[in-house]
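Notes for the one structure printed next.
Laboratory data are not the source of any read-out in this text; all were calculated from the coordinates shown. Treat the numbers as computed from the prediction; the structure is a model and nothing was measured. All Cβ positions, glycine included, derive from the backbone under ideal geometry; neighbour counts span all protein chains shown.
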Amino acid sequence: MTSHYTESKNHTPTPRQIRNSWVWFHRFGSSSYFYRVASRWAPRAGWCALILMVAGVYMGLFVAPPDYQMGDSYRIIFIHVPSAWMSLSVYILMAVSATIGLVWKMKVSFCVSRACAPIGAAFTFCALVTGSLWGKPTWGTYWIWDARLTSELVLLFLYMGYMALDKAIPDRSTASRATAVLSLVGLVNIPIIHYSVEWWNTLHQGSTVFRMDGPSIDTRMLIPLLITTVAMNLYFISVLFNRVRCELLDLERRTQWVREIVHG
Amino acid sequence: MLITIIKRDLKCVSHNLSGAIQPIGFFIIITSLFPLAVTPDPEALQSIAPGIIWISALLATLLALDTLFKEDFIDGTMDQMFIAADSLYVIAFARIISHWLFSGLPLIVMCLVIAMMLHIPAYTFDALIVSLLLGTPTLSMVGSIGAALTVGLRYSGVLLTLITLPLYIPVLIFGASCISADLAGFPWTGQAYLMGAMLVLSITLAPFATAAALRINMS
């Protein structure tokens, strides 16, 4: 990393300047700054995620009442639904940070995008597996060609394509920009794929949380669901930051600040 | 410049006809494998024929995609064209059009023969042709992005498949359901309109993405 916007200035901006301008944004473009912030927040987010996850799973398993139709088997939603939400939002974050990288030529956002892919793929896989395990007692089969399952599967393919392209291109800067274009194309395609499979076949139950007339899910079920969702997000932040740290150290291995960290 | 590139591609194809008919040969072979593997029963074949035709069309398009930009990229023609046209968008658009002319268009002609072999009744031919006419250019458009992204790689066939096929799913769904609906006696204009919408969207956006991907690999 040779140049950076704020570091090239002689004076440090005052808090007011930071608030009033885009300086905070450019700060995040600095690898060393992002590395420091990520190192500070990754463990904190991780611990919070662990605590919330334990609390949420406990409430989900022991406090929430059984479903009047599905009995206890529904309790997998406390993992299944957050992973499914995460799988999509991680893709969006991946594409958005790739776009930021393309537009403002920020290496850090390419690193974020690249770090998102395996995590998002893992969430997608998790959603598919838990969904299939849940499908057995409720639908009587592990897999069904239902719209949501299919679009989740396609999402997994999109992640795999992203990672495969990233691995295949030897030059790192070319790979970052090529995968950025691919993730953008995927982002345009996701709604199209979603609606096309939606109209093609549907068995999956409709949404019970995001509705115009308020959630139709029982509050005692909703609260643990929201807690595990927040825990999943924090877990994602923690893992993402750690991955980005590794990416940055690798990318900037010839710079002074990495040497200082490595050699103490 | 657009016309010039297409004319050049026409000339190249006329010098190397065997290369140009490969996708069609591939299309015929794939479709004739299905009766052998599944069943020769006319009624059963008729019910899966839309899927067979569309999957084969998808794969045939994909086969021709690998060389869409690669030859020009490797021997430096791409650089020369870029200098002459000063716009990768035009080059990408021209190459996509010629890709469709040599893989999509012959496929539409050929599919009538295949349709008869799969016992699709003649009254569904309009749905068949309209769906392929709207769908195959979309496939060329979307596929060109994948071809441009992998243009710098020596062995890109499988990778190209992996990144392109998920993007083809909407076309596959509506293309096949267009024919199935007509077979079952339902109106199929809804699917056709959606395919038209996808075609317009892909013509609007895909060449930009393709040009961007080419630029990334050329720098």
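For segment A:106-264, with only Lys/Arg (+1) and Asp/Glu (-1) charged at the beta-carbon, what is the dipole magnitude about the Cα centre, in debye rounded to 20? Intermediate results must be reported in sequence, preceding the final value.
Values: 14 positive and 11 negative charges, 94 e Å.
I would put it at about 440 debye.
Evaluate the charge dipole of the protein assembly as shown about its Cα centre and quote only its size in Debye, nearest 20, assuming +1 on the Cβ of each Lys and Arg and -1 on the Cβ of each Asp and Glu. Write down the numbers at each step before the final one.
Working: 30 positive and 25 negative charges, 424 e Å.
It comes to approximately 2040 debye.
For segment B:48-106, which chymotrypsin sites (Phe, Trp or Tyr not before Pro) pass both filters: DSSP loop (anything but H, G, I, E, B) and at most 11 other C-beta atoms within 10 Å?
Numbers: sites: B:W54, B:F69, B:F73, B:F82, B:Y89, B:F93, B:W100, B:F102; in loops: B:F69.
Passing sites in segment B:48-106 do not exist.
Run a plain Debye calculation on chain B (Cα atoms as equal point scatterers, no solvent) and give log10 I(q)/I(0) at q = 0.09, 0.16, 0.17, 0.19 Å⁻¹, rounded to two decimals, same order as the q list.
Each listed q maps to, in turn, -0.36, -1.04, -1.15, -1.36.
Give a residue-ordered list of calculated ³J(HN,Hα) values for segment A:233-240 (Karplus: 6.51 cos²θ - 1.76 cosθ + 1.60, θ = phi - 60°; whole Hz; x for Gly, Pro).
After applying 6.51 cos²θ - 1.76 cosθ + 1.60, I find 4, 5, 4, 4, 4, 4, 5, 4 Hz.
If you average the alpha carbon positions of segment B:176-219 and of segment B:1-41, how far apart do those two centres end up, in angstrom?
Answer, in whole Å: 20.
Extent of segment A:145-184 along each principal axis, from alpha carbon coordinates, in Å, largest to smallest?
39, 17, 6
Determine the sum of side-chain charges near A:R44: Lys and Arg each +1, Asp and Glu each -1, restricted to other residues whose C-beta is under 15 angstrom from that of A:R44. Could you put the intermediate results ahead of the total?
Working: positive: A:R36, A:R40, A:R245; negative: none.
Its environment carries a net charge of +3.
For segment A:69-108 and segment A:134-206, what is the separation of their C-alpha centers, rounded to whole Å?
Measuring centre to centre over Cα atoms gives 12 Å.
Which net charge results when you count Lys and Arg as +1 and Asp and Glu as -1 among the other residues whose beta-carbon is under 14 Å from that of B:H119? Show your work: numbers first, answer last.
On the way: positive: none; negative: B:D41, B:E43.
Residues near B:H119 contribute -2 overall.
Using only the alpha carbons of segment A:122-196, what is the convex hull's orientation-averaged projected area in square nanometres? Don't jump to the answer; show the numbers that get you there.
Values: hull surface 21.6 nm².
Mean projected area for segment A:122-196: 5.4 nm², to one decimal.
Just name one of B:V38, A:I76, B:M117: the one whose Cα is farthest towards the positive end of the charge dipole of the protein assembly as shown (beta-carbon charges, Lys/Arg +1, Asp/Glu -1).
Most positive-ward Cα: A:I76.
Using a 10 angstrom cutoff on alpha carbons, build the Gaussian network for chain A and name the most mobile of A:A147, A:A95, A:A49.
The residue that fluctuates most here is A:A147.
Can you tell which of B:P50, B:L149, B:F174 lies farthest toward the positive end of the dipole of segment B:2-218, using +1 and -1 charges on the Cβ of basic and acidic side chains (Lys, Arg; Asp, Glu)?
B:L149
Describe numerically, in nm with one decimal, the distance between label points set 7 Å from Cα along Cα→Cβ at A:W41 and at B:K11.
With each label placed 7 Å out from Cα toward Cβ, I get 5.8 nm.
So if I place +1 on the C-beta of Lys and Arg and -1 on the C-beta of Asp and Glu, and nothing else carries charge, what would the dipole magnitude of segment B:2-218 be about its Cα centre? I want it in debye, nearest 20.
Numbers: 7 positive and 11 negative charges, 74 e Å.
Around 360 debye, computed over segment B:2-218.
How far is helix A:172-200 tilted, in degrees, relative to the longest principal axis of the Cα atoms in chain A, given as a value from 0 to 90 rounded to the nearest 10?
Taking Cα atoms only, the helix is inclined about 20 degrees.
Measure nothing but the geometry: give the 0 to 90° angle between the long axis through the Cα atoms of B:42-65 and the longest principal axis through the Cα atoms of chain B, rounded to 10°.
That helix lies at roughly 0 degrees to the long axis.
Which whole-number percentage describes the relative contact order of chain A, with Cα contacts under 8 Å and a sequence gap of 6 or more? The partial results should precede the final answer.
Numbers: 291 pairs, mean separation 83.2, N = 264.
Dividing the mean separation by the residue count of chain A yields 32 percent.
Summing +1 for each Lys or Arg and -1 for each Asp or Glu, what net charge is found among the other residues whose Cβ lies under 11 Å from the Cβ of A:A175? It would help to have the intermediate numbers written out before the result.
Working: positive: A:R114, A:K167, A:R172, A:R177; negative: A:D166, A:D171.
Once all neighbours under 11 Å are counted, the net charge is +2.
For the protein assembly as shown, what class follows from the C-alpha gyration tensor (a ≥ b ≥ c being the square roots of its eigenvalues): rounded when a/c is under 1.5, otherwise prolate if a/b is larger than b/c, else oblate?
Numbers: a/c = 2.54, a/b = 1.22, b/c = 2.07.
Judged from the Cα gyration tensor, the protein assembly as shown comes out oblate (a/c at least 1.5, b/c at or above a/b).
Could you tell me the extents of segment A:77-152's C-alpha atoms along the three principal axes, largest first, rounded to whole Å?
The Cα atoms of segment A:77-152 stretch 50, 20, 15 Å along the principal axes, largest first.
Give me the angle, in degrees from 0 to 90, between the Cα long axis of helix A:107-139 and the longest principal axis of the Cα atoms of chain A, rounded to the nearest 10.
So the inclination is approximately 10 degrees.
With the cut-off at 24 Å, tell me which of the pairs A:K105/A:K167; A:K107/B:K70; B:K11/B:K70 have Cα atoms farther apart than that.
Values: A:K105/A:K167 21 Å; A:K107/B:K70 28 Å; B:K11/B:K70 18 Å.
The answer is A:K107/B:K70.
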